[in-house]
Amino acid sequence: MELYNTLSRSIENFKPIDENLVRMYTCGPTVYNYAHIGNLRMYIHEDILEKTLRYVGYNVKRVMNITDVGHLESDSDEGEDKMLKGAKRENKTVWEIAQYYTDAFFKDIVKLNIKKADVIAKATDYINEYIEFIKTLEQKGFTYVANGNVYFDITKVENYTKLSKLDLDTLQTASRDEVTEDLHKKNPQDFVLWFTKSKFENQAMKWESPWGIGYPGWHIECSVISLKNLGEQMDIHCGGVDHIPVHHTNEIAQTESYTGKQWVKYWWHGEFLLDNEGKMSKSSGEFLTLSLLEKKGFNPLSYRYFILNSHYRKQLAFTFDSLKSAENAYFKLKSRVKTVADLQNGTKEEITEAVNKYKNDFKSHIENDLNTANAITVLYELLKADDLNSSEKLYLVEDFEKVLSLSLLNFEEENKNDSVDDQEVKYIEEMIQKRTEAKKNKNFALADSIRNELLEKGIVLEDTRQGVNWKIMN
Ligand code: AMP
Ligand code: ZN
């Protein structure tokens with residue numbers, strides 16, 4: 001299998017450290033809000049990576065963290081605390097916010113057929129381990145305390161920028177203008193391992209530590225969680241390209257200083273999904289979530305299909321028009337699979353040469369740095385192939401589904417109204433009730449305005465003899 005490695009900036013032949021097990025770590029979500037569809041793009045590609053590894057015969061152990069502890073807006077320890085911001089916005093405790101959005105994240109990934117990581121680790125479950133980790137770094141001389149915070153001194157490591165390949169001056173100017181620089185740092189790239197003093201005196205998540213009551217810096221969770229669950233070395237560490245210059249760079253600095261060994265063999269980074277304003281962000285205002293796509297009548301798997309048609313290392317622009325085309329193609333693909341399924345007679349065939357040819361084609365694309373778009377082309381080819389019978393075609397679809405996970409063999413009719421949550425159903429039913437009463441009282445103006453209000457939200461009413469039906473417009 002060939003895989004691009006950010007560390008060498010080249011495609012490499014993949015060879016795990018231990019033949020029998022691929023150790024894989026994926027940076028997980030920060031749970032102060034819903035995941036946006038850009039975040040979800042990343043998790044879809046990581047899912048493809050894991051399933052491809054399994055498809056080509058490896059055992060995989062995959063670990064993912066959940067960032068449920070204060071994490072600042074800027075990777076360089078500046079800006080506002082995201083969890084606290086979420087709590088203020090929704091009038092909830094930070095713990096409630098973390099739980100709510102962790103659950104929401106798992107609901108999203110189920111809808112997108114993303115396999116849950118083998119180990120899911122909440123950042124707040126590892127506080128004692130962070131303290132032990134920092135104590136070791138302190139003993140080894142990599143840290144200093146200033147203004148109550150424990151910092152990592154980046155001049156103590158040999159090749160701090162080996163992943164980003166940036167020079168330190170560039171990194172310094174790359175930090176955002178609007179955030180104030182922490183004047184207690186010896187070097188601008190030094191980062192906090194443990195905070196006791198912050199701008200947020202009302203920080204809700206705090207723990208005792210040898211340096212005072214406080215909370216961990218945010219890079220530390222990925223290092224410690226991976227060390228605990230995957231050992232001192234791992235094969236693949238994944239995340240978005242935005243993590244290269246700071247988060248992953250700091251993870252490497254502290255982990256390798258702790259173990260004295262090279263930590264990660266392959267660094268995997270996914271490119272961004274862009275909206276019409278550029279980089280997507282969930283810190284500001286309204287943003288694109290999976291539920292929003294569903295409210296607009298899209299099937300979550302149309303989004304998965306849309307994503308799989310582009311390469312993970314290329315930026316991708318999102319528009320509703322392109323999602324609509326992807327959905328049309330996806331539904332057509334499903335109906336072609338259904339036609340084949342209806343024709344097949346259920347007899348299990350020997351695996352013929354023709355079957356192997358398609359299987360090998362598919363495998364060669366997917367193991368070529370995860371070329372999902374070409375892999376899907378093989379699927380189209382086999383569905384119209386003359387050299388395969390229906391049972392063979394179905395066998396191949398089932399086989400490719402181990403990686404693609406597009407529910408191509410799930411023929412149950414999709415009920416569009418399933419995508420609406422309980423609260424919305426309640427709202428729609430109440431509006432219908434009001435409209436019925438308005439009509440009874442001959443207040444047709446009110447009845448019409450209710451119908452129009454719903455229509456603006458994409459909800460269409462249909463009067464039938466049995467009562468009022470409603471559906472969500474596409
Ligand atoms: P967060 O929950 O903000 O920590 O982000 C979760 C993951 O989504 C990280 O791996 C980010 O690199 C990635 N990510 C953030 N924004 C985007 C985007 N617009 N497109 C693709 N991935 C993104
Ligand atoms: Zn991480």
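The values are calculated or read from the model by the stated rules, or taken from the named source; none is laboratory data. Because the structure is predicted, anything quoted here is derived from the model rather than measured. Because the Cβ atoms are built from the backbone with ideal geometry, glycine has one as well, and the counts that use them run over all protein chains shown. Each accessible area value is taken on the protein alone, full model and side chains, heavy atoms only, with ligands, DNA and RNA left out. Shrake-Rupley method; radii C 1.70, N 1.55, O 1.52, S 1.80 Å.
Structure notes:
- Residue count for region 289-315, restricted to those that are open to solvent by less than 30 Å² (accessible area, probe 1.4 Å), in contact with a strand residue (DSSP E or B) (Cβ under 8 Å, 6 or more places away or on another chain) and not in a helix (DSSP H, G or I): 3
- Within region 152-166, if we keep just the residues that are of a type in the set (Lys, Arg) and on the phi < 0 side of the Ramachandran plot, the residue that is most open to solvent (accessible area, probe 1.4 Å) turns out to be 156.
- If you go through region 248-287 and keep only what is in contact with a His (Cβ under 9 Å, 6 or more places away or on another chain), near ligand 1 (Cβ under 9 Å from one of its atoms) and not in a strand (DSSP E or B), you end up with 271, 280, 281, 282.
- Some residue of region 237-247 being modelled with pLDDT of 95 or more, in contact with a His (Cβ under 7 Å, 6 or more places away or on another chain) and not assigned by TED's automatic domain parsing to the domain that holds residue 22: no
- Residue in region 38-49 that is at pLDDT below 95, crowded, with 22+ Cβ neighbours inside 10 Å and touching a Gly at 6+ places or on another chain (Cβ under 9 Å) present: no
- Test result for residue 75, modelled with pLDDT under 95 and within 14 Å of ligand 2 (Cβ to nearest atom): yes
- A single member of 9, 62, 23 is at pLDDT 95 or above, out of contact with any Gly (no Cβ under 6 Å at 6 or more places or on another chain), among the basic types (Lys, Arg) and within 16 Å of ligand 1 (Cβ to nearest atom), and it is 62.
- Residue that is more than 27 Å from residue 111 (Cα to Cα), of a type outside the set (A, V, I, L, M) and modelled with pLDDT under 85, where the choices are 448, 463, 421: 463
- Taking region 235-247 as the range and being away from ligand 2 (no atom under 11 Å from the Cβ) and crowded, with 24+ Cβ neighbours inside 10 Å as the test, the residues that pass are 235, 236.
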